[in-house]
Amino acid sequence: MEHPSMQVAAEEFGVRVASYGQLLEVRDDPSHTRARAGVGPLIDSGRLDREGLHLVMPMVRNGVPQAGEEPSYRCYLWFLERGRGERTLVLVDVSERRLKALARLDRRVLERVVLNLLGELPIGMLPGGGQAK
């Protein structure tokens, strides 16, 4: 039996936003106990800002679910560091149901978010080292 590509098309889910409380729900979801890239250690370490919003974007499906298990996705999570005002990128697993419950950013808001994230990168990380051509 052939399986469809495990990669997730950007337009399928888009970029979603999650509050601290929603990430707690992801961590505590009893139907998603096999998550290998769980959000729990991040929450338990106290690094996650409790007031800000965090960005979630799925990149691949996590294989074929076992009997009674719902589909899940390995996602990029750009989380706001508590007390630092900076974002850090990590990978986490999120169930399909939880992912669909998160608000999706519209294109105009997404453009502002991308510009903000790029603004946090050191100049040397930008194409051409930030040099004008």
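The HN-Hα couplings worked out from phi for segment 51-59 by the Karplus form 6.51 cos²θ - 1.76 cosθ + 1.60 (θ = phi - 60°) are 9, x, 9, 10, 9, 10, 9, x, 10 Hz, whole numbers, x standing for Gly and Pro. For the pair R108 and M59, the difference between a 0.36 nm per residue extended length and the Cα-Cα distance amounts to 15.5 nm. Between the beta carbons of N116 and M6, assuming R0 = 22 Å, the FRET efficiency works out to 0.15 to the nearest 0.05.
When segment 71-120 is described by a simple charge dipole with +1 on each Lys and Arg Cβ and -1 on each Asp and Glu Cβ, the residue from C75, A101, L89 located farthest towards its positive end is A101. For S45, neighbours were defined as the other residues whose beta-carbon sits under 14 Å from its Cβ, and their charges (Lys and Arg +1, Asp and Glu -1) total +2.
Read the figures in this text as sums done on the coordinates, not as results from a lab. Just so it is clear, the model here is predicted, and its values are computed rather than measured. Every residue, glycine among them, receives a Cβ derived from its backbone with ideal geometry; neighbour counts consider all protein chains shown.
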